[in-house]
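Please treat every number below as a calculation from the coordinates, not as lab data. In this text, all values refer to a predicted model and were calculated from it rather than measured experimentally. We place every Cβ from the backbone using ideal geometry, glycine too, and count neighbours over all the protein chains shown.
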Amino acid sequence: MTIHNVLVVDDSKTELMFLTDLLQKNGMSVRTAEGADEALQRLADAKPDLILMDVVMPGQNGYQLTRSIRRTPDYAGIPIIMCTSKSLETDRVWGMRQGASDYITKPVNAAELMEKIRALD
């Protein structure tokens, strides 16, 4: 599966701009959401090939949203890369247990993120 359409979920406008710019420069189409409710609406509008998920967000956090997406049959197969400032090994393990396909910490290393995305293809 080639990744063309990416949904970036993050409550930081700076992160959204950085990730959108990076992904678009690599030929991907990007939609953004600043929280769980907006993310679920974006999923209902159009199914992405990949979701980049922040963890620390107001309301439902990225772990909870990942679990919710994994439990929804229409979305369960979409790869999710956690993209977060939570850098402890226990955070990474917990993220993977919630259904994340991969886990990367902020500040995001552009080359590392693109490598993880290519590994999903």
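On full extension, the segment bounded by Asn26 and Gln41 gains 2.9 nm, given 0.36 nm per residue less the C-alpha separation.
Modelled spin labels at Val56 and Leu120, positioned 7 Å past Cα toward Cβ, are 2.3 nm from each other. Here the label points at Ala76 and Asn109, each 7 Å from Cα along the C-beta direction, are separated by 3.5 nm in the simple model. A simple spin-label model places pseudo-atoms 7 Å from Cα toward Cβ; at Thr14 and Thr90 they are separated by 2.7 nm. Distances between every pair of Cα atoms in the stretch 58-121, grouped in 5 Å steps from 0 to the bin holding the largest one, split as 4, 18, 27, 25, 19, 7, 1 percent.
Taking semi-axes √(5λ) of the Cα gyration tensor in Å straight from the coordinates, which label in (i) 80, 56, 8; (ii) 30, 12, 12; (iii) 18, 17, 15 is the correct one? Of the labelled values, this structure produces (iii).
Near Asn109: Cβ cut-off under 11 Å, other residues only, Lys/Arg at +1 and Asp/Glu at -1. The net charge is 0.
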